[in-house]
There are 2 protein chains.
Amino acid sequence: MLHRVATVLPDLSIRQFEYLVAVAEHPTWADAADQVGVSASALSQGLAELERRMGVPLFEREGRRRVLRPGATTVLDHARQVVALSTDLARWADRAKNADVGAVRLGMIDVAAVHHFPDKLEEYRRIHPDVDFRLRVAPSADLVEQLRSSQLDLIICVEPKEEIPGTTVQHAMTEELAIYRPDTKRLGPVEKWGPWVLFPEGSHTRALISHELRRAGASIDVVAESHQPDVLIEMVQLGLGWTVLPVAQAEAGARPLRRGRILTRRNLVAMMRSGSAPDPAVAALRSTLFPST
Amino acid sequence: MLHRVATVLPDLSIRQFEYLVAVAEHPTWADAADQVGVSASALSQGLAELERRMGVPLFEREGRRRVLRPGATTVLDHARQVVALSTDLARWADRAKNADVGAVRLGMIDVAAVHHFPDKLEEYRRIHPDVDFRLRVAPSADLVEQLRSSQLDLIICVEPKEEIPGTTVQHAMTEELAIYRPDTKRLGPVEKWGPWVLFPEGSHTRALISHELRRAGASIDVVAESHQPDVLIEMVQLGLGWTVLPVAQAEAGARPLRRGRILTRRNLVAMMRSGSAPDPAVAALRSTLFPST
DNA sequence: AGCATAGTTCAGTGTTTCTTAACTATCAGT
DNA sequence: ACTGATAGTTAAGAAACACTGAACTATGCT
């Protein structure tokens, strides 16, 4: 066996990690101290001690404020992961102590909740009436953040470009994205496609759409953005612009768009925290959503 | 945003997790105390306090010994993961403080080290002469254990049947496994294949081989087992039995077997701890082994 | 210049974690 | 059955740690 590397662990505590995560998520250290339930001086001293034990500076001054250095992201990611895993363990212990099934908190992007999985969710609820089941519908980036900070147990989101540290991913499904134009417009040559009403800059799907439109030779003149597909559909109906949407979303509902031209596909994935304490109710949900696993 | 679940984190410490991992890995609590550098009574009191804070019993008596309860596996897995991630963070801090590239510890099963990746490993060493590079060759299960306890940074192993908590996996390659028989024997009908000399019961590949032989209709009369392919090859050469081995291994080397009949394929994967503090030298190794990623 | 705000330092208190010594229960050898 | 060795526990005390509230410093706004 390889000799264990002679790195002595600094004596860090979960408490200090909670302080670090709190200051990252709040505008002031006083707010952060309130949230973790200590005085501002306890938090200040605790974070100073964390820096001392790591031997690496984590904060710099911006006027009278202390802010995280860019180089501290590694420590913050670690802190966030350890706090999230500790929360999972505490919830596991609560379930064990109380012979209780606990709560299950699922996050989904809207198309998954409304179009792809409503039957499965209904089935899960029917089979597990005792589970405190909660569904959160939000864009992918928000869901990923809430997963990482142990506010969600499982999420169905658009596959991110890069691996999210501390998570495991399982392919959920592939769906098609198609181009939709106002009724008064003909498809015409690629160069004349648009103007566009699209998902916002920065979203996973927007990046994919932009890439594929450029590849096809279309210009990308964006006149409006929204996270909400219904809003984009409405804009197309009103003749305000062209859009790209999941077929399942665009061609269903109260005011469906006419059949669109397939542009590309995107993957939806199921994502969980890696290594979190097992939760049978979450495992059962996973089996309901993906029977073949 | 969902209201944060009202679970208060017990005030656990990394130290207590180190104690727990140490007692799991040593025959006695005195040995465990020695390894973590405290007295036996400190360890005893520390673990009692851990049980108290978790509110869940972790140990039971076997005579004068205390042993982990089966139900404590969840807490032990959590402890092991948090200690491993903390070790990674400490090594990250050491690299940051000392402007040092540190050590890279790679584990590989033998066929990967000897047949599939020797050129890439040589390339990596040539490009990164300053990296303290160490290669450990061992069976998959040993490699997984060492990865989980932060004794290895990256491993190439046979794809496990089930997800290993706290790890991420990337497909490395697929290789063929073929049947090899002594020269004096003809292939003949399936029912007459064997007797067999195979990898040991319990290994990933053995499970796959057994499954596929049964599917083909062969009996599985195993007369010898070994982890070492060279030993299995030698036994076939000596006429002691038939075997199933990776083609790359069986048909190369000093005394190659004659071309075998393909039975199945197995996947090799690259596995790392999920969410560990980034290490540029390990990232570089990964890029060398898998250029397209 | 004066006041408000963000965070820090100080001194004191209570808690935690370790030590050594003494102890209890179990086991092996005779 | 007895004795000595072994595995782990408990008690008491010391040192270190983590928190509090008060007083402080530096920054920012009016």
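The values are calculated or read from the model by the stated rules, or taken from the named source; none is laboratory data. Everything numeric here is computed off the predicted structure, so don't read it as measured data. Positions of Cβ are generated from backbone atoms using ideal geometry, with glycine treated the same way; all protein chains shown enter the neighbour counts.
Values for this structure:
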read-out: Any hit, region A:210-217, residues being closer than 13 Å to residue A:179 by Cα, of a type in the set (A, V, I, L, M) and out of contact with any Asp or Glu (no Cβ under 6 Å at 6 or more places or on another chain); value: yes
read-out: Scope region A:155-171; condition more than 10 Å from the chain's Cα centre (by Cα) and closer than 20 Å to residue B:81 by Cα; matching residues; value: A:163, A:165, A:166, A:167, A:168, A:169
read-out: Residue among B:198, B:268 that is in contact with a strand residue (DSSP E or B) (Cβ under 6 Å, 6 or more places away or on another chain), within 19 Å of residue B:179 (Cβ to Cβ) and modelled with pLDDT of 90 or more; value: B:198
read-out: Qualifying residue in region A:250-264 (condition: crowded, with 16+ Cβ neighbours inside 10 Å and closer than 16 Å to residue A:140 by Cβ); value: no
read-out: Region B:21-49, residues that are more than 9 Å from DNA strand C (Cβ to nearest atom) and of a type in the set (A, V, I, L, M, F, W, C); value: B:21, B:22, B:23, B:24, B:29, B:30, B:32, B:47, B:48
read-out: Residues (surrounded by fewer than 19 Cβ atoms within 10 Å (Cβ to Cβ), closer than 18 Å to residue B:78 by Cβ and either within 14 Å of chain A (Cβ to nearest Cβ) or near DNA strand D (Cβ under 10 Å from one of its atoms) (or both)) located in region B:20-45; value: B:25, B:36
read-out: Unique match (being more than 16 Å from DNA strand C (Cβ to nearest atom), among the small types (Gly, Ala, Ser) and more than 9 Å from chain B (Cβ to nearest Cβ)) among A:103, A:99, A:90, A:72; value: A:99
read-out: Which numbered condition residue A:16 misses (of (1) without any contact (Cβ under 8 Å) to a residue 24 or more places away in the chain; (2) touching a Gly at 6+ places or on another chain (Cβ under 6 Å)); value: (1)
read-out: Residue within region B:4-14 that is away from DNA strand D (no atom under 11 Å from the Cβ) and more than 30 Å from residue A:165 (Cβ to Cβ) present; value: no
read-out: Subset of region B:2-20 [among the charged types (D, E, K, R) and either within 11 Å of DNA strand C (Cβ to nearest atom) or modelled with pLDDT of 95 or more (or both)]; value: B:11, B:15, B:18
read-out: Odd one out for residue A:58, checked against (1) at the interface with chain B (Cβ under 9 Å from one of its Cβ atoms); (2) over 30 Å from residue B:56 (Cα atoms); value: (1)
read-out: Residue list for region B:175-202, filter: among the small types (Gly, Ala, Ser) and either free of Cβ contacts under 8 Å to residues at least 40 places away in the same chain or buried (at least 18 other Cβ atoms within 10 Å of the Cβ) (or both); value: B:178, B:188, B:194
read-out: Within region B:53-85, tally of residues that are within 11 Å of DNA strand D (Cβ to nearest atom) and not aromatic (Phe, Trp, Tyr); value: 10
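For (1) at pLDDT 90 or above; (2) closer than 19 Å to residue A:173 by Cα, each residue gets a yes or a no:
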site	(1), (2)
A:226	no, no
A:232	yes, no
A:240	no, no
A:247	yes, yes
A:251	yes, yes
A:254	no, no
A:261	yes, no
